[in-house]
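Undergrad: Before I ask anything, here is the structure I am working with.
The values are calculated or read from the model by the stated rules, or taken from the named source; none is laboratory data. Owing to the predicted nature of the structure, the values given are computational and were not obtained by experimental measurement. As a convention, Cβ positions derive from the backbone with ideal geometry for all residues, glycine included, and neighbour counts pool all protein chains shown. Only protein heavy atoms, including side chains, enter the accessible area calculation; ligands, DNA and RNA are left aside. Shrake-Rupley method; radii C 1.70, N 1.55, O 1.52, S 1.80 Å.
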Amino acid sequence: MPNSDRKPLLLDFEKPLAELETRIHQIRELAAENGVDVTDEIRKLEARSAQLRQEIFSSLSPMQRLQLARHPRRPSTLDYIQAISDEWIELHGDRRGTDDPALVGGIARIDGLPTVIIGHQKGRDTKDNIARNFGMAAPGGYRKALRLMEHADRFGMPIFTFIDTPGAWAGLEAEQLGQGEAIACNLREMFRLDVPIICTVIGEGGSGGALGIGVGERLLMLEHSVYTVATPEACAAILWKDSGKANLAAEALKITSWDLKNLGVLDQIVPEPIGGAHSNPLKAASILKQALLENLAELTQLTGQQRRELRYQKFRHIGVFTEISA
């Protein structure tokens, strides 16, 4: 889990809250030094801080939610695995000569139940991000993911996927190695697996890079995560030749969990601690674990054929709309 003792990285909309909390801390220190009782004043300021936190995080714009989804301290796939599993064995390699660090996976035991967990892995700092390619998986990463999913299907283990990527790696070498084919193959093969598949967007779900491990009976999203066909910056650059209009693009793209729930793409919004998952990673992991196990309990009541049909119908109904004649 991210180290909570480190100095917090503040986003612009968090600064008024940070200033108020700094003021509370200073009053406490002064009161302790001078032996003054300021309990009532502290209580009022703490109540105001809680109210302000609630106001800020309940009215974020799509672009502000994207900032939260990209927060450097936001828990990653390996953080969640560490927090929710009793035992974890990472498995490496696609059996074709590569082991992509941007996409991790392995076998975990959660409350005694063997599962396979696969997810994108971003870095915690610049050096780590470069090593992980900023969570942008190469073709070998998607082939590794498919190998692990086939292993899960063979041994009857449910699959949890954690999505957190701005998109698949779009470099020349990735295309030469068959990026499009690797993602397309995953899409096809995930539809035929018999075991339960629950996909969760834990941060940034971008384009085909997210879809490559995103086919399942249930799609969950953490409250402040985003899921989009292209980043708002890329969309703005394409439509208006100006990436500075990313705010407009973020509004139009409907990238937030609430938008996608209303559109029928998303099955469940997983609440985050007020302040975002990075403000209390252990609590965020506990909430996520409960949501995963509740959904899994429902899906295990179905047969493999029923799960495949549910998966198929879920994606067939995405984008359905009704025309109203004038």
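Undergrad: Scanning region 252-279 for residues that are part of a loop (DSSP other than H, G, I, E, B), open to solvent by less than 60 Å² (accessible area, probe 1.4 Å) and out of contact with any Lys or Arg (no Cβ under 8 Å at 6 or more places or on another chain), which turns out modelled with the lowest pLDDT?
TA: If we take residues in region 252-279 being part of a loop (DSSP other than H, G, I, E, B), open to solvent by less than 60 Å² (accessible area, probe 1.4 Å) and out of contact with any Lys or Arg (no Cβ under 8 Å at 6 or more places or on another chain), then 264 is modelled with the lowest pLDDT.
Undergrad: I've got another one for you. Taking the condition of being modelled with pLDDT of 95 or more and hydroxyl-bearing (Ser, Thr, Tyr), how many residues in region 191-224 meet it?
TA: 1
Undergrad: Considering only residues that are under 27 Å from residue 309 (Cα atoms), open to solvent by 40 Å² or more (accessible area, probe 1.4 Å) and out of contact with any strand residue (DSSP E or B) (no Cβ under 6 Å at 6 or more places or on another chain), which ones fall in region 211-246?
TA: Of everything in region 211-246, those that are under 27 Å from residue 309 (Cα atoms), open to solvent by 40 Å² or more (accessible area, probe 1.4 Å) and out of contact with any strand residue (DSSP E or B) (no Cβ under 6 Å at 6 or more places or on another chain) turn out to be 211, 229.
Undergrad: Now for a different question. Just checking: which of the strands (runs of 3 or more DSSP E) contained wholly in region 57-128 hold 2 or more residues that are open to solvent by less than 70 Å² (accessible area, probe 1.4 Å) and hydrophobic (A, V, I, L, M, F, W, C)?
TA: 103-110, 113-120
Undergrad: Something else: Residues in region 67-103 that are out of contact with any Gly (no Cβ under 9 Å at 6 or more places or on another chain), touching a residue at least 40 places away in the same chain (Cβ under 8 Å) and small (Gly, Ala, Ser): how many?
TA: So the count comes out to 1.
Undergrad: Are there any pairs, at least 6 apart or on different chains, whose C-beta atoms fall under 8 Å, with the first in region 171-192 and touching a residue at least 60 places away in the same chain (Cβ under 8 Å) and the second small (Gly, Ala, Ser), and if so, which?
TA: Every condition considered, the pairs that remain are 190/216.
Undergrad: Something else now. Can you tell me which condition residue 284 does not meet? The list is (1) touching a residue at least 24 places away in the same chain (Cβ under 8 Å); (2) open to solvent by 30 Å² or more (accessible area, probe 1.4 Å), and all the others hold.
TA: Here residue 284 meets the rest and fails (2).
Undergrad: Right, something else. Checking residue 157 against (1) aliphatic (A, V, I, L, M); (2) under 21 Å from residue 194 (Cα atoms); (3) open to solvent by less than 10 Å² (accessible area, probe 1.4 Å), only one condition comes out false. Which one?
TA: (3)
Undergrad: Do any residues in region 1-29 that are closer than 30 Å to residue 40 by Cβ and among the aliphatic types (A, V, I, L, M) have Cβ atoms under 8 Å from those of residues that are modelled with pLDDT under 75 and not in a helix (DSSP H, G or I), where the two are at least six apart or on different chains, and which pairs are they?
TA: Close Cβ pairs (under 8 Å, with a partner that is modelled with pLDDT under 75 and not in a helix (DSSP H, G or I)) amount to 18/8; 18/10; 27/38.
Undergrad: Six or more apart or on different chains, Cβ under 6 Å: which pairs go from a residue in region 211-233 that's free of Cβ contacts under 8 Å to residues at least 40 places away in the same chain to one that's part of a strand (DSSP E or B) and open to solvent by 10 Å² or more (accessible area, probe 1.4 Å)? Could you list them?
TA: none
Undergrad: Something else about it: Tell me the helices (runs of 4 or more DSSP H) entirely within region 155-251 that contain at least 2 residues that are over 21 Å from the mean Cα position of the chain (by Cα).
TA: Once the helices (runs of 4 or more DSSP H) in region 155-251 are filtered for at least 2 residues that are over 21 Å from the mean Cα position of the chain (by Cα), what remains is 172-176, 179-190, 232-240.
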